[in-house]
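Below: one structure, written as C-alpha cells.
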C-alpha cells in the first residue's frame, strides 16, 4: 500500500508557466518535506512543514512555494519554471522531528520544462 | 560545513562478488545516519538507520556499520536485483531537527 503518494508521476510544463505538484500521505505524519533531485545528484531539501509551521531552506529560490492545507496533503508550486528547474521532485514524511525519525519518500514527480 | 561523501560513485560487480560502499561524513555532532536505496525513476526507499559508533544493522544481503567518521554498506553475494543507487544521509545535532543531508550516492550494478 502506497503511503506517500505523489501526483502526477510525470509533468511537462512550458517555460514560465506555473505548475503545481501534489503529495498526499496516509501515515498521519507531522512533518512533510519537498526535495529537488537532479540527475546523479543528491536530493536537495527545498522546505518542510512541521505540522502547519513552514521552514524554508535559505538557498531555496523564491520561485518555489509550498502549501499544506491539512495533515494529509502538501503542494509544491513553481511560479515561473525555468529550464534549470527540470528535475525529479520528491516528497517525504516523518512522524516527528528530531532524531530517530525516518523519512519516507514518495515515488517522485519528474518535471520537464520546455 | 556539514558534508557527506560517498565512494565510489559507481560500482560494477559480478553476481556473488561481495563488496562495500563507503559514506564518510563531517558534521559537528551526529544524530543519526541513514541508508536508502533508490531505483531509477523512483523515490528513495529506507534501509537502515544507525545512531552510534560501533552499531551494525543487517537486512538480507546488506549490512551497515558505523564509525565516528564513516559508514559502510557491505553487500554479500549480491544478486542482479540489488542493482540500484545507494544513498547515505546524516542528521546533525545542531541543525534543524528535521533536516538530513544526503550524499550523491553510489550506483551499484550487478551483472548476472
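Just so you know, all these numbers are worked out from the coordinates, no wet-lab data involved. The structure displayed is predicted, hence computed values, not measured ones. Please note: Cβ atoms are built from the backbone with ideal geometry, for glycine as well, and neighbour counts cover all protein chains shown.
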Practice problem: Provide the percentage of antiparallel DSSP beta bridges, counting only those with both residues in the stretch A:4-113; round to the nearest 5. | Solution: 90 percent
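At 0.36 nm per residue, minus the direct Cα-Cα distance, what do residue A:51 and residue A:26 gain on full extension? Give it in nm, one decimal, please.
7.5 nm
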Quiz item: When ranked by the protection proxy of mean other Cβ atoms within 10 Å per residue, highest first, what sequence do the peptides A:65-72, A:54-61 form?
Solution: A:65-72, A:54-61
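Need one value for A:42-50: mean number of C-beta atoms belonging to other chains within 10 Å of its residues' C-beta atoms.
Across the residues of A:42-50, the mean count of other-chain Cβ atoms within 10 Å is 4.
Remind me, relative contact order of chain B in percent, using alpha carbon pairs under 8 angstrom and six or more residues apart?
Numbers: 285 pairs, mean separation 41.1, N = 112.
It rounds to 37 percent for chain B.
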Quiz item: Counting pairs of alpha carbon atoms under 8 Å apart in space and at least six apart in sequence, what relative contact order in percent does chain A give?
Solution: 38 percent
Self-check item: Alpha-carbon radius of gyration plus Dmax, which is the widest Cα pair, for the protein assembly as shown in Å
Solution: 17.5, 51
Quiz prompt | Kirkwood Rh (inverse of mean 1/r, distinct Cα pairs), chain A, angstrom | solution = 14.1 Å
Practice problem: Report, as an integer, the average count of C-beta atoms from other chains found within 10 Å of each Cβ along B:34-46. | Solution: 5
Exercise. Rounded to whole Å and sorted largest first, list the principal axis extents of the Cα atoms in the stretch B:3-99.
Key: 41, 30, 21
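Want the number for residue B:109 to residue B:74: 0.36 nm per residue separation, take away the alpha-carbon distance, what's left?
11.2 nm
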